[in-house]
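The next block holds one structure in the form of structure tokens; read it before the comments.
What follows is calculated from the coordinates using simple rules that are stated; it is not laboratory data. This is a predicted model, so every value here is computed, not measured. Note that each Cβ is placed from the backbone with ideal geometry, even for glycine, and that neighbours are counted across all protein chains shown.
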Amino acid sequence: MAHTPHSTAVAAAHLGCAAAAGYAVLKAAWASGSTVGVNADAAAWEAFLQSMGGPLVALWGTVLLALLASAILLSLVQPWGRRVPRRLRASLAWLGFATMVPVGLAGLGSTLSDVIVSSAFPLLTPATYICVYTCFVVLGLSFAVTVRRTRSLDPAPATRRRRRSRFAPPLDHPLEDR
């Protein structure tokens, strides 16, 4: 099966949606009271959430942002997305790329260096940090691939059709010399 730019864009958009969903599920689990991936005791965890604006902002707000990221990705490859101007959708996707990739790479680098030097992780487990920052990188790269593969290509300049002489047979190939 040949990969067309559109099929690549659809695959990238779906991969980005999966990354956003992974992040959103983790945040929704925390908002629902789960402590999966949390190293801190309950008091330290609650203090952290309060410092970030409380569970409503720190957790549910980021779940909504992940859903928004998925909607932006899907709007680039689904017919219903054409209701929103292309320039707006593409700008939001490039902004997502410019935001998510640097944050994700910096977070992954920091986490991996801390793991290598055996630093303590007082709030979350290293696996949690790696999971979150990998989701950020995958989401950011999928923004870039999707928006790049769905850009409206300027049609190639029309090639000038040679006029056929009434006396000459048609060429097998338009660039063929006689």
Cα principal axis extents for region 5-149, largest first, Å: 47, 33, 19
Residue exposure sequence - 143, 121 - by fewest surrounding Cβ within 10 Å: 121, 143
Extension gain from residue 18 to residue 57, taking 0.36 nm per residue of separation minus the Cα-Cα distance: 11.8 nm
Residue-wise HN-Hα coupling along region 28-45, computed from phi with Karplus coefficients 6.51, -1.76, 1.60 (Hz; x: Gly, Pro): 5, 5, 5, 5, 8, x, 6, 10, 4, x, 9, 8, 6, 6, 4, 5, 5, 5
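Please report, in debye to the nearest 20, how large the charge dipole of region 5-149 is about its Cα centre when each Lys and Arg carries +1 at its beta carbon and each Asp and Glu carries -1 there.
Value, rounded to 20: 980 debye.
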Cut-off 19 Å (backbone N to label point 7 Å along Cα→Cβ of residue 95), residues of region 41-70: 61-70
